[in-house]
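The values are calculated or read from the model by the stated rules, or taken from the named source; none is laboratory data. These figures come from a predicted structure and were not determined experimentally. Every residue, glycine as well, gets a Cβ built from its backbone with ideal geometry; the counts of neighbours run over all protein chains shown.
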Amino acid sequence: MSGTLHLAQALSNRGRRGRKKDFRDAERLVKRLISQELILSFVPDAEQRLWRSVTRTKYQLRRNKVRLQNQLEALLEEAHIKLSSLVSDLLGASARRMLKALAEGETDPLALAALGDKRLHATPAELRDALGACTELNPVYRRLVRMALEELHLIEQQIGQLDQEIASLLRQHQDAVERLAEVPGLGVDSAQQIIAEVGATAATFPAAKNLVSWVGACPGEEESAGVNYNKRSPKGNRQMRRILNQAANAAVKRKGSIFEIIYRRLVPRLGHNKTIGAIAHRLCQLIWILLHKGVRYEERGPAVCEKSKRVRTLRMIRTLRNLGYRVEPLQNPA
């Protein structure tokens with residue numbers, strides 16, 4: 001038989017100075033737990049810990065993909081191949097075709113340049129000039145590029161598998177994922193990560209301020225004699241703070257949203273970083289309302305054109321269907 005795990009903060013269980021005894025400490029712990037004097041930390045259940053493991057593993061794989069991209073770019077620069085300066089994405093379709101042909105032994109710059117898409121801003125002459133060093137490229141560089149592409153393919157396969165895994169785990173909470181994905185700055189992936197961190201209904205947090213404090217998206221408080229000497233935010237949950245900061249930076253770029261108005265109003269007085277922190281604070285409160293009360297997001301900013309609404313709706317429906325969710329729009333967005 002197993003009991004319930006309670007993780008208490010050490011500061012709320014301070015004992016008298018003197019020799020430490022385990023039996024006496026355990027007795028004090030039980031008494032303070034019964035009298036609700038202990039400050040308990042949030043310990044998710046086994047199912048939510050599984051969600052966290054999947055989403056955090058996927059985040060680490062994405063970091064590995066970015067690291068691999070930087071290493072590949074440095075390798076090409078060392079080999080005097082200036083491809084990254086002419087393509088917007090080194091891991092895009094055109095660049096991958098060129099790199100694959102380069103790894104397989106292609107030595108003609110003209111043939112490599114012909115693999116680029118016609119929509120590239122770079123001209124074939126510029127691509128040929130950037131790939132001119134491939135005629136005398138050391139075979140070791142070709143093998144290193146091939147190894148990087150193979151590792152990249154493996155990482156993308158694993159990310160795809162984890163996408164399907166988290167979608168199947170959160171299938172019963174599809175409505176919560178959709179409600180969060182409607183918020184400006186958030187998407188399906190961000191919504192899944194948030195649910196994995198705080199739960200499908202945020203039931204552990206009785207109020208929005210409790211969630212904000214747990215995340216660490218609020219000003220700190222180090223008060224003495226009525227004076228707050230330090231307003232630095234608490235550490236909180238690093239994963240949630242990362243998601244909220246990314247969402248806040250994306251939300252302020254959404255034309256016609258309420259977050260764009262708040263950003264323009266606050267940034268002259270607070271600066272960019274503090275304004276993003278204030279918007280992340282509001283986003284955290286909004287997330288608690290959407291999850292805890294089960295309501296949908298309603299835009300309160302200026303009227304957004306119907307075309308942008310349809311584009312965002314179609315994009316979100318397509319993303320959800322690719323993950324295996326069943327989505328039926330209320331009306332035909334076309």
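Here Leu5, Leu83, Leu102, Leu50 are screened, and the one residue that is at pLDDT below 85 and among the aliphatic types (A, V, I, L, M) is Leu5. Answer yes if at least one residue in region 84-101 is farther than 16 Å from Arg146 by Cβ, of a type in the set (Ser, Thr, Tyr) and touching a Lys or Arg at 6+ places or on another chain (Cβ under 9 Å), and no otherwise. Checked region 84-101: at least one residue is farther than 16 Å from Arg146 by Cβ, of a type in the set (Ser, Thr, Tyr) and touching a Lys or Arg at 6+ places or on another chain (Cβ under 9 Å). Residues that are polar (S, T, N, Q) and crowded, with 18+ Cβ neighbours inside 10 Å within region 246-269 comprise just one, Ser257. Out of all the residues in region 4-16, is one or more touching a strand residue (DSSP E or B) at 6+ places or on another chain (Cβ under 9 Å), part of a helix (DSSP H, G or I), touching a residue at least 24 places away in the same chain (Cβ under 8 Å) and under 30 Å from Gly236 (Cα atoms)? There is at least one residue in region 4-16 that is touching a strand residue (DSSP E or B) at 6+ places or on another chain (Cβ under 9 Å), part of a helix (DSSP H, G or I), touching a residue at least 24 places away in the same chain (Cβ under 8 Å) and under 30 Å from Gly236 (Cα atoms).
Here is a list: Arg32, Arg16, Arg28. Which entry is farther than 22 Å from Ala203 by Cα and at pLDDT below 85? After applying the criteria, what remains is Arg16. Among the residues examined, Leu211 qualifies as touching a helix residue (DSSP H, G or I) at 6+ places or on another chain (Cβ under 6 Å), more than 30 Å from Leu68 (Cα to Cα) and assigned to a helix (DSSP H, G or I).
Within region 169-178, work out how many residues are surrounded by 21 or more Cβ atoms within 10 Å (Cβ to Cβ) and in a helix (DSSP H, G or I). Qualifying residue count, region 169-178: 2.
Going by what's in this entry, would Leu149 be described as among the aliphatic types (A, V, I, L, M), in contact with a helix residue (DSSP H, G or I) (Cβ under 8 Å, 6 or more places away or on another chain) and at pLDDT 90 or above? Here the answer is yes, as Leu149 does meet what is asked.
The number of residues in region 32-55 being assigned to a helix (DSSP H, G or I), over 24 Å from Leu170 (Cα atoms) and out of contact with any Leu (no Cβ under 6 Å at 6 or more places or on another chain) comes to 2.
A search for C-beta distances below 7 Å between a residue of region 74-86 that is free of Cβ contacts under 8 Å to residues at least 60 places away in the same chain and any residue that is of a type in the set (D, E, K, R), counting only pairs 6+ apart in sequence or on different chains, returns Ser84/Glu73; Leu86/Glu126.
Please verify whether Phe23 is among the aromatic types (Phe, Trp, Tyr) and either surrounded by 12 or more Cβ atoms within 10 Å (Cβ to Cβ) or within 23 Å of Pro206 (Cα to Cα) (or both), treating the condition exactly as stated. So Phe23 does not fit the description; no.
Looking at the structure I just gave you, is Glu150 assigned by TED's automatic domain parsing to the domain that holds Gln239, of a type in the set (D, E, K, R) and assigned to a helix (DSSP H, G or I)?
Criteria not met by Glu150.
Just one of (1) buried (at least 17 other Cβ atoms within 10 Å of the Cβ); (2) among the β-branched types (Val, Ile, Thr); (3) in contact with a Ser or Thr (Cβ under 8 Å, 6 or more places away or on another chain); (4) farther than 30 Å from Arg326 by Cβ fails for Ile166. It is (4). When the criteria are applied in full, Leu29 meets the requirement of being among the aliphatic types (A, V, I, L, M) and either surrounded by fewer than 15 Cβ atoms within 10 Å (Cβ to Cβ) or in a helix (DSSP H, G or I) (or both). Residue pairs whose Cβ atoms lie under 6 Å apart, separated by 6 or more positions or on different chains, with the first residue in region 35-58 and within 30 Å of Asp25 (Cβ to Cβ) and the second in a strand (DSSP E or B) and modelled with pLDDT under 85, are Leu38/Ala8; Leu40/Ala8; Ser41/Leu7; Val43/Leu7.
Being among the polar types (S, T, N, Q), surrounded by 14 or more Cβ atoms within 10 Å (Cβ to Cβ) and closer than 30 Å to Thr55 by Cβ is true of Gln158.
In the list Ala125, Ala130, which residue meets the criterion of being buried (at least 18 other Cβ atoms within 10 Å of the Cβ) and of a type outside the set (Asp, Glu)? Spell out how you get there, then give the answer.
Working: Ala125 fails: buried (at least 18 other Cβ atoms within 10 Å of the Cβ).
Of the residues listed, the single one that is buried (at least 18 other Cβ atoms within 10 Å of the Cβ) and of a type outside the set (Asp, Glu) is Ala130.
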